[in-house]
Amino acid sequence: MQIVRDVESLRNAVDALRSDGGRVAFVPTMGALHDGHMALVAEARRRAAHVVASIFVNPTQFAPNEDLSTYPRREATDARMLEEEGCDILWAPDAAAMYPEGHSTTISVAGVSEGLCGASRPGHFDGVATVVAKLFNQVRPDIALFGEKDYQQLTVIRRMVRDLDMAVEIVGVPTQREADGLALSSRNAYLSEEERQAARALPRALGEAASAIAGGADVAEALAKAAEKLAKAGFNPVEYVELRDAETLEPLSALDRPARLLAAARLGRTRLIDNLAVSPRE
Ligand code: PAF
């Protein structure tokens, strides 16, 4: 696996891969890789002849009070994992290569960026959309894969690609979970043992609410019950538990179309998010 750190070397390396006519799949990450990322790379391998992954802890998607400085960084381990999973190129620019002096363009995706995580993380999705657009222009992949765990992010990226006529197919990959249901996340590393035990309440509360809603329960009641269970388990604050249209993220008060149940809540200093698909019974 080649590790490249400047755009010109990246372009040359991707062009060399492409010379056999095979498709290029791209897996953007911020590193601290876990089995969720590896599932993205494995799916990328199934769908394309060549795989490029990136590691870039993107400063513009962190607010000043967030965990940019403490975000786990371990490139050597990450590179080994990517190589073992069959990745061909690791694109690992530094901040100066990504945002050269005078960089002044931001992409803002209205609507789907607002509410949910957008409410408590102002500017976050502008940072995500801008860096992902740059990564797409740098790598020029045929397809790009994102985890469904960050469902609002996936929706923002799909909308950006559609609105800006970007020639890349976006593939969402189902959330990978621990045996007790907790969604894999680089931020799970922040949890103390006690918090890790409490964290199980998040997938459990969502699962119970999803079954209740799919079974015809009142949506507002099911959401309130889930929030209450999270608060009881020690989450504070419970930022949101909401039912949204699976495609537009429009708020839903009844299950009348394919939907997504989404939640964000804090355990100590760790902010956890999760979501589940919920569809009306046929
Ligand atoms: O999901 C992530 O790891 C990041 O938000 C992404 C898509 C790599 C952009 O920095």
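The values are calculated or read from the model by the stated rules, or taken from the named source; none is laboratory data. As the structure is a computational prediction, the values presented were derived from the model and not from experiment. Glycine gets a Cβ as well: all are built from the backbone with ideal geometry, and neighbour counts include every protein chain shown. When the accessible area is computed, the model is the full protein with side chains, heavy atoms only, and any ligands, DNA or RNA have been set aside. Shrake-Rupley method; radii C 1.70, N 1.55, O 1.52, S 1.80 Å.
For L135, the conditions (1) of a type outside the set (D, E); (2) within 19 Å of E242 (Cβ to Cβ); (3) in contact with a Pro (Cβ under 6 Å, 6 or more places away or on another chain) are fulfilled apart from (2). Residues of the stretch 80-103 being more than 17 Å from D126 (Cβ to Cβ), part of a loop (DSSP other than H, G, I, E, B) and out of contact with any His (no Cβ under 8 Å at 6 or more places or on another chain), which ones? Result: E85, G86, C87, A92, P93, D94, P100, E101, G102.
Could you check how many residues of the stretch 128-142 are open to solvent by 40 Å² or more (accessible area, probe 1.4 Å) and in contact with a helix residue (DSSP H, G or I) (Cβ under 7 Å, 6 or more places away or on another chain)?
Step one: filter the stretch 128-142 for residues open to solvent by 40 Å² or more (accessible area, probe 1.4 Å), giving 134, 137, 140, 142.
If we keep only those that are in contact with a helix residue (DSSP H, G or I) (Cβ under 7 Å, 6 or more places away or on another chain) as well, we get 134, 140.
Adding up the residues that qualify gives 2.
When we screen T106, T77 for residues that are part of a loop (DSSP other than H, G, I, E, B) and of a type in the set (S, T, N, Q), the only hit is T106. When residues in the stretch 217-254 are screened for being touching a Leu at 6+ places or on another chain (Cβ under 8 Å), farther than 13 Å from A265 by Cα and open to solvent by 40 Å² or more (accessible area, probe 1.4 Å), 2 of them pass.
Pick from the stretch 250-282 the residues that are among the hydroxyl-bearing types (S, T, Y) and in contact with a strand residue (DSSP E or B) (Cβ under 8 Å, 6 or more places away or on another chain): which of them is modelled with the lowest pLDDT?
To start, the set of residues in the stretch 250-282 that are among the hydroxyl-bearing types (S, T, Y) comprises 253, 270, 279.
Still in the running and in contact with a strand residue (DSSP E or B) (Cβ under 8 Å, 6 or more places away or on another chain): 253, 279.
On the way: S253: 98, S279: 92.
Per the stated criteria, the residue is S279.
The set of residues in the stretch 214-254 that are farther than 21 Å from K149 by Cα and assigned to a loop (DSSP other than H, G, I, E, B) comprises G215, G216, A217, D218, G234, S253, A254.
Considering T130, T155, which residue is hydroxyl-bearing (S, T, Y) and within 14 Å of the chain's Cα centre (by Cα)? Full working, then the answer.
Working: T130 fails: within 14 Å of the chain's Cα centre (by Cα).
Of T130, T155, the one residue that is hydroxyl-bearing (S, T, Y) and within 14 Å of the chain's Cα centre (by Cα) is T155.
Which pairs turn up if I take residues in the stretch 135-160 that are closer than 21 Å to P93 by Cα and in contact (Cβ under 8 Å) with a residue 24 or more places away in the chain and look for partners that are among the acidic types (D, E) and away from the ligand (no atom under 13 Å from the Cβ) with beta carbon separation below 8 Å, at least 6 apart in sequence or on another chain? That search, which allows pairs on different chains as well, returns D142/E169; I143/E169; A144/E169; L145/E43.
In the set L206, L223, only one residue is more than 16 Å from the ligand (Cβ to nearest atom), within 21 Å of the chain's Cα centre (by Cα) and more than 30 Å from R74 (Cα to Cα); that residue is L206. So if I check each of L191, L145, which one is crowded, with 16+ Cβ neighbours inside 10 Å and either within 12 Å of the ligand (Cβ to nearest atom) or at pLDDT below 95 (or both)? Of the residues listed, the single one that is crowded, with 16+ Cβ neighbours inside 10 Å and either within 12 Å of the ligand (Cβ to nearest atom) or at pLDDT below 95 (or both) is L145.
Residues that are more than 13 Å from the ligand (Cβ to nearest atom), basic (K, R) and under 22 Å from T270 (Cα atoms) occur in the stretch 74-87; there is at least one.
Going residue by residue through the stretch 100-110, is there one that turns out to be open to solvent by less than 20 Å² (accessible area, probe 1.4 Å) and out of contact with any Leu (no Cβ under 7 Å at 6 or more places or on another chain)? Yes: the stretch 100-110 contains one or more residues that are open to solvent by less than 20 Å² (accessible area, probe 1.4 Å) and out of contact with any Leu (no Cβ under 7 Å at 6 or more places or on another chain).
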